[in-house]
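The values are calculated or read from the model by the stated rules, or taken from the named source; none is laboratory data. From a predicted model like this one, the values you see are computed outputs, not experimental measurements. Here the Cβ positions follow ideal geometry from the backbone for every residue, glycine too, while neighbour counts run over all protein chains shown. Calculation scope for accessible area: heavy atoms of the full protein, side chains included, ligands and nucleic acids excluded. Shrake-Rupley method; radii C 1.70, N 1.55, O 1.52, S 1.80 Å.
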Amino acid sequence: MRDRIRSFVTVGAIGFVIQTGLLAVLTTSWHWPYALATAVAVELAILHNFWWHERWTWSDRSLPVGSGRQRLLRYHVTTAATSIAGNLLLTAGFVELAHMPVVAANIAAVGAMAAANFFVADRWVFAR
């Protein structure tokens with residue numbers, strides 16, 4: 001279980017760097033509204049993370065050929081939906097209510113969602 005958690009954290013950390021970097025570029029260089037930029041950045045990180053979780057974190061729980069779409073759908077319905085909704089709501093709350101900078105607010109939101117995402121992925125998305 002420790003190795004799985006380490007893999008999950010590693011994949012998530014790389015996805016987080018991708019997400020944060022894209023969010024920074026979209027909001028500061030391209031001047032996108034933070035809510036739209038957050039949704040796009042989170043979705044890219046979600047796809048990255050799914051790919052690596054499938055091939056590394058939960059590689060011992062492989063599916064028959066052709067079943068990957070169902071797993072990706074479950075990932076989006078649960079973990080990804082939680083990440084997008086949680087990140088959007090928490091980022092907006094931190095920005096609007098706590099007056100935090102967008103990137104700092106997103107960092108706090110990602111941290112808040114990590115444990116929930118691991119549990120859902122382990123118990124349902126990548127279940128045996």
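I'd like to know which of Gly21, Leu89, Ile5 lies farthest towards the positive end of the charge dipole of the chain, counting +1 on Cβ of Lys and Arg and -1 on Cβ of Asp and Glu.
Farthest towards the positive end: Ile5.
Over the heavy atoms of Leu97, what accessible area does a 1.4 Å probe trace out, to the nearest 10 Å²?
150
Among Ala112, Thr78, His31, whose Cα lies farthest out toward the positive end of the dipole of segment 2-128, if unit charges sit on the beta carbon of Lys, Arg (+1) and Asp, Glu (-1)?
It is Thr78.
Rounded if a/c is under 1.5, else prolate if a/b beats b/c, else oblate: with a ≥ b ≥ c from the C-alpha gyration tensor eigenvalues square-rooted, which is segment 1-74?
Cα axes put segment 1-74 in the oblate bin.
Restricting things to Cα coordinates, could you compute the convex hull volume per residue of the chain in Å³?
It comes to 93 Å³ per residue, whole-number rounded.
Which order do Ile14, Ile46, Ile84 take by accessible area at a 1.4 Å probe, largest first?
My answer, sorted largest first, is Ile14, Ile84, Ile46.
Name the residue farthest towards the positive end of the dipole of the chain from the options Ser59, His48, Ala121, assuming +1 on Cβ of Lys and Arg, -1 on Cβ of Asp and Glu, about the Cα centre.
Most positive-ward Cα: Ser59.
Is there a quick way to get the dipole size of the chain? I mean about its Cα centre, with the Cβ of Lys and Arg at +1 and of Asp and Glu at -1; what is the value in debye to the nearest 20?
With only Lys, Arg, Asp and Glu charged at Cβ, the dipole is about 500 debye.
Can you tell me the orientation of helix 81-96 relative to the chain, as the angle in degrees between its alpha-carbon axis and the longest Cα principal axis, to the nearest 10?
With rounding to tens, the tilt is 20 degrees.
With everything on Cα atoms, drop me the angle between helix 102-120 and the longest principal axis of the chain, reported from 0 to 90° to the nearest 10.
With both axes taken from Cα atoms, the answer is about 20 degrees.
Any chance you could run the full-extension gain for Arg123 through Arg55? It's 0.36 nm times the residue separation minus the Cα-Cα distance, nm to one decimal.
This chain segment gains 22.8 nm when fully extended.
Using a 1.4 Å probe on the protein chains only, how many percent of the accessible area of the chain belongs to carbon and sulfur?
Accessible surface attributable to carbon and sulfur in the chain totals 70 percent.
With every protein chain present, what is the per residue accessible area of the chain (1.4 Å probe, Å²)?
56
Specify the angular offset, from 0 to 90 degrees and rounded to the nearest 10, of the alpha carbon long axis of helix 34-52 from the longest principal axis of the alpha carbons in the chain.
20
Based on DSSP H runs of at least 4 residues, each adding -39500 (n - 2.57), what is the mean residue ellipticity at 222 nm of the chain after dividing by all its residues, to the nearest 500 deg cm²/dmol?
Rounded to the nearest 500, the figure is -22500 deg cm²/dmol.
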